[in-house]
There are 2 protein chains.
Amino acid sequence: MPAHSSEAQQAALEATRAYRATQGAEILTDFATLLALPNVASDAANIERNAEYLHYEFKRRGVRVELLKIHGAPPLMYGVIKTPGATRTLGIYAHYDGQPINHERWTQSPWEPTLYTAALRDGGRKRLFPAQGEPIDPDWRIYARSASDDKAPFAALLATLDALYEAGLPLTSHVKFLFDGEEERSSPHLAQYLDLYGDAYQDVDTWLLLDGPVHQTRRPQLAFGARGIANMEVTVYGPERPLHSGHYGNWAPVPGTMLSHLLASMKEENGRVLIDGFYDSTAPLSASEQAAIDAMPMQEEALREEFGLLQTEDGGARLVERIMLPSLTIRGLASGNVGTRARNVIPAFATASLGLRLAKGNDPAAMLDGIEAHIRKQGYHIVRVNPVHDTRLQHPKLAKVTRSRGYPAARTSMDLPIVARVEDAVKAVLGEAPIRVPTLGASMPLYLFTDVLGKPAFIVPIANHDNNQHAADENIRIANLWYGMDLYAALLTMPPDEASVDT
Amino acid sequence: MPAHSSEAQQAALEATRAYRATQGAEILTDFATLLALPNVASDAANIERNAEYLHYEFKRRGVRVELLKIHGAPPLMYGVIKTPGATRTLGIYAHYDGQPINHERWTQSPWEPTLYTAALRDGGRKRLFPAQGEPIDPDWRIYARSASDDKAPFAALLATLDALYEAGLPLTSHVKFLFDGEEERSSPHLAQYLDLYGDAYQDVDTWLLLDGPVHQTRRPQLAFGARGIANMEVTVYGPERPLHSGHYGNWAPVPGTMLSHLLASMKEENGRVLIDGFYDSTAPLSASEQAAIDAMPMQEEALREEFGLLQTEDGGARLVERIMLPSLTIRGLASGNVGTRARNVIPAFATASLGLRLAKGNDPAAMLDGIEAHIRKQGYHIVRVNPVHDTRLQHPKLAKVTRSRGYPAARTSMDLPIVARVEDAVKAVLGEAPIRVPTLGASMPLYLFTDVLGKPAFIVPIANHDNNQHAADENIRIANLWYGMDLYAALLTMPPDEASVDT
């Protein structure tokens, strides 16, 4: 029996393992049912179907559930499990929406969950979902949108509740669920939901956010923070309509050239952002954060090999150090056409979609303001809608800028008693302590928990790092789904913070 | 009666004008039938239907026609009209293919020719095609792909042949037709066609290329040259697959940033191209060309107003001077997604479609080589296909470059006797001399006529300058279609070069 685990946790782990030995096929089939529901946040009808699925499944397991509604937003699922005698309330956050789809890049439909014998890039072959009792290879993968991000936690949670119930094992904490339906567009209504319904969560002592991948080395990790996020779209204008590139080429301004100069002025090829003050507001690392970074495994070489990169934007620093800084990514570029659809015209406009990831201390609005100031410094007059003819004739260079509101980064202290309990839960499952990650690269609205609700919040990831998160061919490795079940079982049966275990 | 015209020309003009007074509606209906045939050069089945339509229509007017074929290329239509007693053979070139379509930008389907009471941007309203005998407003416009570029010359030619035939008027020259089916992709097989079938055109004395718009002031023009063309597509690579911009943003290279720097290094925002030697091979202007340029009407202010441009890439020079130089246009940019489809990823690649317009003296291959040398100078290793994993790990920066072959610019002397005859034909129609344009901005494979067949070649445009050529909502003003009929009538009845007219 590994150290750091209570008897209740050991029993819970035996229960999940026994349960999936007999019910593994059913767990995967149920998971596929959820994955088959399209879940792009902008698709209101389907996002509702996802919420109703979760409402139904948690309700029939005895969870007191309610779908909260704000006009124009996906439902937020509230849920409660009351545990007799418990002194701690765990808040559990996950999100049921997924990233938008670029259909042509997917090997299969993202809404037809498909089982493969291995990762596609390793030659994985399609196979049928297993029949009841058939052995399940933990290296199999299910491909579907949100297979990892973020529906796997629902599948694991539901199966864990079933396993504990079937074994007659009680939880050791009260639990409150908060399931978000628009995390992938930066949870624009979550603050409003918490403003309206936050009282229902006031008694939560600690938040566990079930999201994100484990470490790239496949070792478990526990993350104490998340990057903030803010997006901006910039469109620059050439002629009012596309012009023949022969008649007007060398005379009419070319929006692609204008945009190239603007973007090149924002960031060096080596990764250094040139926006004034871009790095100034970033909070310094605490001693324990620096120690955690120093203890993290080296992975850069393996990642370069995996991603086919001889050169990175690292300036000599480690990946984990790079994500402690704000970043500026060109998420998209569009002007005219390329490939066989390219035409001999000077396009009328060129657009760049910019993505910012924020570090602790960076205010989203202030960071976007900094980019706007930079754009003005390059001689542009900024507008918020497509410029009308008269506006065009008043300014030599026009840029339309639209902004997301975004949200800031957040970090929770590594030195709270609950940290030891959560780390012990990981050890109970895997026999090794999780890597302490001061911040995940991913963005989550963690600040609402740490800064608005004012409670510690940790990110407890289960997905494989190579899950193609946010991209085509997203997938989950079955071993990681099983890890999720075990970890949640250990978390739901943690001893109280004040109790000691046999170390 | 205007000076400079022969009696035969005056009779021919009376014939075309009388003919369309009664048959105008039929001319427009027949034209709409041709416009309804999709004609993107890559659409082999439909391009064939266009060729067959022309074959049928010219044949039934007594023209000896043949559809020449090269495997993998659209047919080239050869045609002959023998004129008893004629001493001159006119070659007439036009093309029946059109630019590719960006459907979402069109107000209507590009293959549903539609009549409007005026230009759409001036509030033109849809109306039925006129009934036989109904008055036709010359300000009406037909919207359809190739309405101007380059099917209008076919409609005007066929109607002119009908008018002359109905009036019993003979031509004064032999005529040979050459109708191209892939001009919009730079006529990649025309040289091969001329190599195989050029003998049939050896007796042509002068080539008239029916293509392009009249001057932006709506005055007639005669063009003595055309720009050459060459295209290049450049793709630069980030990670081998799109990566989560949170986990890897600030570390994985961003292809949009790489491409921005590369493109910004190629050309200043003011229009100056920075490729080494880009301007060096350009032929200087002859005295008569310089005189023609000096005599051309000023138009820049009106064009800036029309296109909504306060600032242009002119470096203080006139538009006509700018098109005597080679140009570099970014025809398209693409990376990831923008707008509602934008996702929080670092895209795997970014692509730019580059369009070169060439001036006399610029060799297409050498110009493209210059750009490749520039790309290498920016640290890129150039590949011709998407790089495999091992290639990616051997080079810090990779660029895939694909090139069109393109063709050079050409110019014909302004001082040949035939020039006066052609100018007289314009005067016979409009009472004013055409503007002499040393080169059109558009590209046409004029060099095949001037340099390969070795004969003078003029571009005789009829389309309105605001026809949205190459873009969505392409259109022709009816007045310009009528001008085409009159001009072709006057050209087909020109006196011999040695004859003098009553000046």
Checklist outcome for this item: Matching residues in the stretch A:73-107 (open to solvent by less than 20 Å² (accessible area, probe 1.4 Å) and polar (S, T, N, Q)) number 4
Next on the checklist: Quick check on the stretch A:413-430. Is at least one of its residues in contact (Cβ under 8 Å) with a residue 12 or more places away in the chain, of a type in the set (Ser, Thr, Tyr) and either in contact with a Lys or Arg (Cβ under 8 Å, 6 or more places away or on another chain) or within 22 Å of B:His247 (Cβ to Cβ) (or both)?
Outcome noted: no
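Test of understanding: among A:Thr340, A:Thr412, which residue is closer than 30 Å to A:Pro496 by Cβ, at pLDDT below 95 and of a type in the set (Val, Ile, Thr)? Steps first, answer last, please.
Working: A:Thr340 fails: closer than 30 Å to A:Pro496 by Cβ.
Going through A:Thr340, A:Thr412 in turn, the sole match is A:Thr412.
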Checklist entry - Which residues, counting only those in the stretch A:309-321, are surrounded by 18 or more Cβ atoms within 10 Å (Cβ to Cβ) and under 13 Å from B:Ala252 (Cβ atoms)? => result A:Leu309, A:Thr312, A:Glu313, A:Asp314, A:Leu319
Checklist entry - In this structure, does B:Ala410 turn out to be crowded, with 21+ Cβ neighbours inside 10 Å, out of contact with any helix residue (DSSP H, G or I) (no Cβ under 7 Å at 6 or more places or on another chain) and not polar (S, T, N, Q)? => result no
Item to check | Qualifying residue in the stretch A:61-79 (condition: in contact (Cβ under 8 Å) with a residue 24 or more places away in the chain, touching a helix residue (DSSP H, G or I) at 6+ places or on another chain (Cβ under 6 Å) and small (Gly, Ala, Ser)) | outcome: yes
Checklist entry - For A:Ala45, are the conditions met, namely being closer than 23 Å to A:Ala472 by Cα, out of contact with any helix residue (DSSP H, G or I) (no Cβ under 8 Å at 6 or more places or on another chain) and open to solvent by 50 Å² or more (accessible area, probe 1.4 Å)? => result yes
Next on the checklist: Of everything in the stretch B:231-242, what is open to solvent by less than 10 Å² (accessible area, probe 1.4 Å) and at the interface with another protein chain (Cβ under 7 Å from one of its Cβ atoms)? Give them in sequence order.
Outcome noted: B:Pro239
Checklist entry - If you check every pair at least six apart or on different chains, which have Cβ atoms under 6 Å apart with a residue in the stretch B:333-347 that is at the interface with chain A (Cβ under 7 Å from one of its Cβ atoms) and over 17 Å from A:Ala230 (Cβ atoms) first and a residue that is assigned to a loop (DSSP other than H, G, I, E, B) and among the β-branched types (Val, Ile, Thr) second? => result B:Ala334/A:Val338
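What strands (runs of 3 or more DSSP E) lie completely within the stretch A:84-148 and have 2 or more residues being modelled with pLDDT under 95, farther than 29 Å from A:Leu208 by Cα and within 25 Å of the chain's Cα centre (by Cα)?
Output list is empty.
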Next on the checklist: What's the number of the only condition in (1) more than 7 Å from chain B (Cβ to nearest Cβ); (2) open to solvent by 20 Å² or more (accessible area, probe 1.4 Å); (3) more than 20 Å from B:Lys397 (Cα to Cα) that A:Arg304 fails to meet?
Outcome noted: (3)
Next on the checklist: Condition (residue is touching a strand residue (DSSP E or B) at 6+ places or on another chain (Cβ under 6 Å), assigned to a helix (DSSP H, G or I) and open to solvent by 20 Å² or more (accessible area, probe 1.4 Å)) applied to the stretch B:48-56: is it met by at least one residue?
Outcome noted: yes
Checklist outcome for this item: Those residues of the stretch B:108-119 which are under 19 Å from B:Pro38 (Cβ atoms) and open to solvent by 10 Å² or more (accessible area, probe 1.4 Å) amount to B:Gln108, B:Ser109, B:Trp111, B:Glu112, B:Pro113, B:Thr114
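Answer yes or no as to whether B:Ala32 is open to solvent by 50 Å² or more (accessible area, probe 1.4 Å), of a type in the set (A, V, I, L, M) and either at pLDDT 95 or above or more than 30 Å from B:Ala433 (Cβ to Cβ) (or both).
no
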Item to check | Residue in the stretch B:344-360 that is farther than 17 Å from A:Leu309 by Cα and surrounded by fewer than 18 Cβ atoms within 10 Å (Cβ to Cβ) present | outcome: no
Checklist outcome for this item: Taking the stretch A:447-479 and keeping only residues that are open to solvent by 10 Å² or more (accessible area, probe 1.4 Å) and not in a loop (DSSP other than H, G, I, E, B), one is left with A:Tyr447, A:Thr450, A:Asp451, A:Val452, A:Arg477, A:Ala479
Item to check | Pairs with Cβ under 9 Å, 6+ apart, first in the stretch A:380-397 and under 11 Å from B:Leu309 (Cα atoms) and open to solvent by less than 70 Å² (accessible area, probe 1.4 Å), second of a type in the set (Phe, Trp, Tyr) and not in a loop (DSSP other than H, G, I, E, B) | outcome: A:Arg392/A:Tyr237; A:Arg392/B:Phe307; A:Lys397/A:Tyr237
Checklist entry - Here is a list of conditions, (1) among the small types (Gly, Ala, Ser); (2) open to solvent by 10 Å² or more (accessible area, probe 1.4 Å); (3) in contact (Cβ under 8 Å) with a residue 40 or more places away in the chain; (4) away from chain B (no Cβ under 11 Å), and A:Gly225 meets all of them except one; can you say which number that is? => result (2)
Item to check | Residue under evaluation A:Ala425, criteria (1) open to solvent by less than 10 Å² (accessible area, probe 1.4 Å); (2) in contact with a helix residue (DSSP H, G or I) (Cβ under 6 Å, 6 or more places away or on another chain); (3) more than 30 Å from A:Thr16 (Cβ to Cβ), criterion not met | outcome: (3)
Checklist outcome for this item: Within the stretch A:249-258, the residues that are within 7 Å of another protein chain (Cβ to nearest Cβ), open to solvent by less than 10 Å² (accessible area, probe 1.4 Å) and not β-branched (Val, Ile, Thr) are A:Gly249, A:Asn250, A:Trp251, A:Ala252, A:Gly256
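Name the single residue, out of those in the stretch A:122-175 being of a type in the set (Lys, Arg) and farther than 27 Å from A:Gly441 by Cβ, that is least open to solvent (accessible area, probe 1.4 Å). Can you show your working first?
In the first step, residues of the stretch A:122-175 are kept if they are of a type in the set (Lys, Arg); the result is A:125-127, A:141, A:145, A:151.
Adding the requirement that they be farther than 27 Å from A:Gly441 by Cβ leaves A:125-127.
Details: A:Arg125: 154, A:Lys126: 137, A:Arg127: 66 Å².
Applying the filter and picking the extreme gives A:Arg127.
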Item to check | Failed condition for A:Ser288, given (1) assigned to a loop (DSSP other than H, G, I, E, B); (2) polar (S, T, N, Q); (3) more than 10 Å from chain B (Cβ to nearest Cβ) | outcome: (1)
Next on the checklist: So in the stretch A:264-278, with the set limited to residues that are at the interface with another protein chain (Cβ under 7 Å from one of its Cβ atoms) and open to solvent by 10 Å² or more (accessible area, probe 1.4 Å), which one is farthest from B:Arg304 (Cα to Cα)?
Outcome noted: A:Glu269
Checklist outcome for this item: Apart from one, (1) part of a loop (DSSP other than H, G, I, E, B); (2) within 19 Å of A:Ala442 (Cα to Cα); (3) open to solvent by 30 Å² or more (accessible area, probe 1.4 Å) all hold for A:Met324; the odd one out is (3)
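The values are calculated or read from the model by the stated rules, or taken from the named source; none is laboratory data. These numbers were taken from a predicted model, which means no experiment stands behind them. In this analysis, Cβ positions are derived from the backbone assuming ideal geometry, glycine residues included, and neighbour counts consider all displayed protein chains. All accessible areas refer to the heavy atoms of the entire protein, side chains included, with ligands and DNA or RNA removed. Shrake-Rupley method; radii C 1.70, N 1.55, O 1.52, S 1.80 Å.
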